[in-house]
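Peer 1: Before anything else, here's the structure in question.
The values are calculated or read from the model by the stated rules, or taken from the named source; none is laboratory data. Only a predicted model underlies this, so the values are computations on that prediction, with no experimental measurement involved. Here the Cβ positions follow ideal geometry from the backbone for every residue, glycine too, while neighbour counts run over all protein chains shown.
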């Protein structure tokens, strides 16, 4: 580590962990309650910082997406932590059981966890992992995104106010700091962001054999089945591209629909967007985060205009970027392979459910697959024949609001799961514990081998 500040922060946390390697339930609950207090006491300031960083971001959307969703995670952990911390009984092998042996699994803290959080939900995606990390009894060092500097600076200030440097610490900075951060010998790192950066993190973390949780997003598809209600489907897709201006890792990225349904769907999508505009207006809008990302979105669309149908929906709901639909662009364009992460929707016209499944399987495994339709048989086919971090029927995004569901990807969309009990276990060393019984059975398997050994050896194969 080259940065004295980083090294000092990490060593402070590491030494504190060594002094208290297994925090009590009361200590963990106190830390969780302080996360909640930080959020509720400073909600207005956090929402103001978020709006400053985005150019404009609806206070109500920030309140729900960054504050309420995180408070829900805290409440869920506080309610269930006592049960998560209990040892889980396991059944010993028959011969060991006869000796009186006991086996169980107990969750122990890993130590110091590094949290690298992104800019799109800079409060929730820094503090929601922190909830799991603290519930598991760990310490944490957080590296928030430099793309949202006001929010990152405020988080650093508030963490220092509500937590000691021995519990949680924040380090702000750009790429250089991030590069140093991932070289620290953490006991675990969780990174939320893009696949390209994740490869560098894996490379550097491997030097210290640091285990990783990677939340990477990707291109999440929407399957529109023949039985789908197009009015309802369009309303949910519009919401997915409207909320946070589509800057969400679980936002719908591309949509698979038959040519026969396409025109009706576009009509209903236009109606859904207009309804959102008329019922909410500019006050509930969110901007694309900065000029660089607006230019990136413009480039994705511009590359397709000569060879694809492009439909732009007018309205104020995206604040400074109107919802744009690109239909059947060539396979080589960036829009087909890059995560969109904004108010642009790629539509691919397809055949039946088999064609839709095949198209999904041609790409990297998505973070989530959305299915719209009435057929349980088709939905089960999607479940069996595809891979994704999550699978949702007839809804968009709200799976994230369920704290009792694991959140994470598979393959190109990430590794590891967190939130709720899954997060508690992700950041715990789930240690196998064996206690010998009142009968010493070691003699049965210690040379010289007897007839009794051979008999027991045969019996064990049949149990």
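Yes/no per residue for (1) in contact with a helix residue (DSSP H, G or I) (Cβ under 6 Å, 6 or more places away or on another chain); (2) more than 25 Å from residue 247 (Cβ to Cβ):
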residue: 31; (1), (2): yes, yes
residue: 34; (1), (2): yes, yes
residue: 38; (1), (2): yes, no
residue: 41; (1), (2): no, yes
residue: 53; (1), (2): yes, no
residue: 62; (1), (2): yes, no
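Peer 1: In the set 194, 217, 137, which member is surrounded by 19 or more Cβ atoms within 10 Å (Cβ to Cβ) and modelled with pLDDT under 95?
Peer 2: Being surrounded by 19 or more Cβ atoms within 10 Å (Cβ to Cβ) and modelled with pLDDT under 95 holds for just one of 194, 217, 137, which is 217.
Peer 1: Consider residue 60 against the criteria (1) surrounded by fewer than 13 Cβ atoms within 10 Å (Cβ to Cβ); (2) touching a strand residue (DSSP E or B) at 6+ places or on another chain (Cβ under 8 Å): it satisfies all of them except one. Which criterion is unmet?
Peer 2: Unmet condition: (2).
Peer 1: Filter the strands (runs of 3 or more DSSP E) completely within the range 347-463 down to those with at least 1 residues that are closer than 30 Å to residue 22 by Cα. So that I can check it myself, show each step before the final result.
Peer 2: Details: elements: 368-372, 390-393, 428-435.
Result: 428-435.
Peer 1: I would also like to ask the following. Out of curiosity, is residue 285 buried (at least 18 other Cβ atoms within 10 Å of the Cβ), in contact with a helix residue (DSSP H, G or I) (Cβ under 7 Å, 6 or more places away or on another chain) and under 24 Å from residue 56 (Cα atoms)?
Peer 2: So residue 285 does not fit the description; no.
Peer 1: Here are some conditions: (1) out of contact with any strand residue (DSSP E or B) (no Cβ under 7 Å at 6 or more places or on another chain); (2) closer than 26 Å to residue 197 by Cβ. Residue 449 meets all but one. Which one does it not meet?
Peer 2: (2)
Peer 1: Looking at the range 437-458, which of its residues are touching a residue at least 12 places away in the same chain (Cβ under 8 Å) and exposed (fewer than 14 other Cβ atoms within 10 Å of the Cβ)?
Peer 2: Answer for the range 437-458, where residues must be touching a residue at least 12 places away in the same chain (Cβ under 8 Å) and exposed (fewer than 14 other Cβ atoms within 10 Å of the Cβ): 438, 439, 440.
Peer 1: Hey, can you tell me all the residues within the range 110-123 that are surrounded by 24 or more Cβ atoms within 10 Å (Cβ to Cβ) and either farther than 18 Å from residue 51 by Cβ or in contact with a helix residue (DSSP H, G or I) (Cβ under 6 Å, 6 or more places away or on another chain) (or both)?
Peer 2: Of everything in the range 110-123, those that are surrounded by 24 or more Cβ atoms within 10 Å (Cβ to Cβ) and either farther than 18 Å from residue 51 by Cβ or in contact with a helix residue (DSSP H, G or I) (Cβ under 6 Å, 6 or more places away or on another chain) (or both) turn out to be 112, 113, 114, 115, 116, 117, 121, 122, 123.
Peer 1: Which number in (1) outside the structural domain of residue 297 (by TED's automatic domain parsing); (2) surrounded by fewer than 17 Cβ atoms within 10 Å (Cβ to Cβ); (3) assigned to a helix (DSSP H, G or I) marks the one condition that residue 205 misses?
Peer 2: Every listed condition holds for residue 205 apart from (2).
Peer 1: Related question: Pull up the range 388-416, narrow it to residues that are free of Cβ contacts under 8 Å to residues at least 40 places away in the same chain and closer than 16 Å to residue 192 by Cα, then point me to the one that is surrounded by the fewest Cβ atoms within 10 Å (Cβ to Cβ).
Peer 2: Among those that are free of Cβ contacts under 8 Å to residues at least 40 places away in the same chain and closer than 16 Å to residue 192 by Cα, it is 406.
Quick grid of which residues meet (1) touching a helix residue (DSSP H, G or I) at 6+ places or on another chain (Cβ under 6 Å); (2) part of a strand (DSSP E or B); (3) in contact (Cβ under 8 Å) with a residue 24 or more places away in the chain; (4) not assigned by TED's automatic domain parsing to the domain that holds residue 358:
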| site | (1), (2), (3), (4) |
| --- | --- |
| 196 | no, no, no, yes |
| 227 | no, no, yes, no |
| 235 | yes, no, yes, no |
| 245 | no, no, yes, no |
| 255 | no, yes, yes, no |
| 260 | no, no, no, no |
| 263 | no, no, no, no |
| 289 | yes, no, yes, no |
| 295 | no, no, no, no |
